[in-house]
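What follows draws every value from the coordinates through simple rules; no lab data is involved. Here the structure is a predicted model, which is why all the values come from computation and not from measurement. Cβ sites come from the backbone with ideal geometry, for glycine too, and all protein chains shown count toward neighbours.
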Amino acid sequence: MKIATWNVNSVLARLPQVVRWLEAASPDVLCMQETKCVDEKFPGEEFARLGYSSESFGQAAYNGVAILSRVKCEEVRRGMPDDEPGAQSRVLAATIGGIRIVNVYIPNGQAVGAEKYFFKLEWLKRLRAFFDSCYQTTDRVLLCGDFNVAPEDRDVHDPEVWRGRILFSEPEREALAKIRSWGLVDAFRMHNSEDKQYSWWDYRAGAFRRNLGLRIDHVWVSEPLARQSASVVIDKEPRRWEKPSDHAPVVAEFTT
DNA sequence: ATGGTAGATACTCTA
């Protein structure tokens, strides 16, 4: 079972790259973030042609999450239980092959101290409460997506530059650690302990060419699923293509 | 060097 997460930065603008990657990598499941596309415009037929059913939870211009799957998604949930009506589309959950997959696009936060920063911290708190109320650590649970937080120093190209800044500030990392302490393991770190393993590089200033990135896209799993974790890799290849997303796919394989 | 790039939308915001 191969489950991938990828912030595609517009599923419509990225359609050729996503199709190309699906053909090459052939995952069973692809969780996408920042689809930036309402459900009516989601290119489900293009993915159906490749053998994927799709679930989209989008909105115009910003945010939006979607799940592509070789088999049909069960128990699909859109948003968190305490979302206000009209809340931003950032959570899409589905059960696939007995695994509860929770696909999230965690708020970016813009800048430490900004209004959006406090929205991010509050949102992370609600995500933990969502797990407390809806899921059990004894189940096979997988939380993945663009977390917009680098958990450790080794996940940041220059920790001294990034310390105290958005995506790496202490309150963000603490809020994320609180979610992890529900009963999740960073599946990537089960298999890779090296630094300089990034999933996102700014479009600007030749960041990718110089490998000035952050590891902010994650696959976290509950203990029963951790026991089935065979590998997790960041696929940098599509970041080298024409018109790339600024994020690379993260691909997790599980024994069945 | 407080820049730089990209996407969606509509004369700017978000990342």
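Quick one: order A:Ser69, A:Ser89, A:Ser53, A:Ser181 by neighbouring beta-carbon count within 10 Å, fewest to most. Write out the running numbers ahead of the final one.
Details: A:Ser69 23, A:Ser89 26, A:Ser53 15, A:Ser181 9.
Least to most surrounded, the residues fall as A:Ser181, A:Ser53, A:Ser69, A:Ser89.
Relative to one another, the C-alpha centroids of the stretch A:181-256 and the stretch A:41-83 are positioned 21 Å apart.
Could you please rank A:Cys73, A:Cys31, A:Cys134, A:Cys144, placing first whichever residue has the fewest other Cβ atoms within 10 Å of its Cβ?
Numbers: A:Cys73 19, A:Cys31 31, A:Cys134 14, A:Cys144 24.
Ascending Cβ contact count within 10 Å gives the list A:Cys134, A:Cys73, A:Cys144, A:Cys31.
For chain A, give the share of DSSP beta bridges that are antiparallel, in percent and rounded to the nearest 5; count only bridges with both residues there. Let's see the in-between values first.
Details: 40 of 51 bridges.
Bridges in chain A that DSSP calls antiparallel: roughly 80 percent.
Database remark: amide H of A:Val219 closer than 5 angstrom to the amide H of A:Ala187, A:Phe188 (H placed geometrically; neighbours at sequence offset of 5 or more, or on other chains; Pro and chain starts carry no H).
Among all stretches of chain A without exposed GluC sites (Glu not before Pro) (DSSP loop, at most 12 other Cβ atoms within 10 Å), which one is longest? Intermediate values should be presented prior to the final figure.
Values: sites that count: A:Glu194, A:Glu242.
For GluC sites (Glu not before Pro) (loop position, at most 12 other Cβ atoms within 10 Å), the longest site-free span of chain A is A:1-193.
Sparse packing (at most 15 other Cβ atoms within 10 Å of the Cβ) combined with a DSSP loop state is found for the following chymotrypsin sites (Phe, Trp or Tyr not before Pro) in the stretch A:30-71: A:Tyr62.
In deg cm²/dmol and to the nearest 500, what is the mean residue ellipticity at 222 nm of chain A if only DSSP H runs of at least 4 residues count, each as -39500 (n - 2.57), divided by the residue total? Display every interim value, and only then the final one.
Working: 7 runs with 60 residues, N = 256.
Computed mean residue ellipticity for chain A: -6500 deg cm²/dmol.
Given a cut-off of 25 Å, name the pairs among A:Lys125/A:Lys243; A:Lys41/A:Lys243; A:Lys41/A:Lys125; A:Lys41/A:Lys72 whose C-alpha atoms lie farther apart than that in the structure shown.
Values: A:Lys125/A:Lys243 35 Å; A:Lys41/A:Lys243 21 Å; A:Lys41/A:Lys125 32 Å; A:Lys41/A:Lys72 20 Å.
Pairs exceeding 25 Å: A:Lys125/A:Lys243; A:Lys41/A:Lys125.
The residue among A:Pro171, A:Ala4, A:Pro16 whose Cα reaches farthest toward the positive pole of the charge dipole of chain A, with charges on the beta-carbon of Lys, Arg, Asp and Glu, is A:Pro16. Each residue of the stretch A:212-219 was assigned a 3J(HN,Hα) from its phi angle through the Karplus expression (A = 6.51, B = -1.76, C = 1.60, θ = phi - 60°), giving 9, x, 9, 9, 10, 9, 9, 10 Hz with x at Gly and Pro. Neighbour counts of other Cβ atoms within 10 Å put A:His218, A:His191 in the fewest-to-most order A:His191, A:His218.
Size check on the stretch A:73-120: the Cα extents along the three principal axes, sorted descending, read 41, 21, 12 Å.
Quick check for me: using +1 on Lys/Arg Cβ and -1 on Asp/Glu Cβ, what's the dipole size of the stretch A:2-254 about its Cα centre, in debye to the nearest 20? Can you show the working numbers first?
Numbers: 35 positive and 37 negative charges, 69 e Å.
Dipole of the stretch A:2-254, to the nearest 20 debye: 340 debye.
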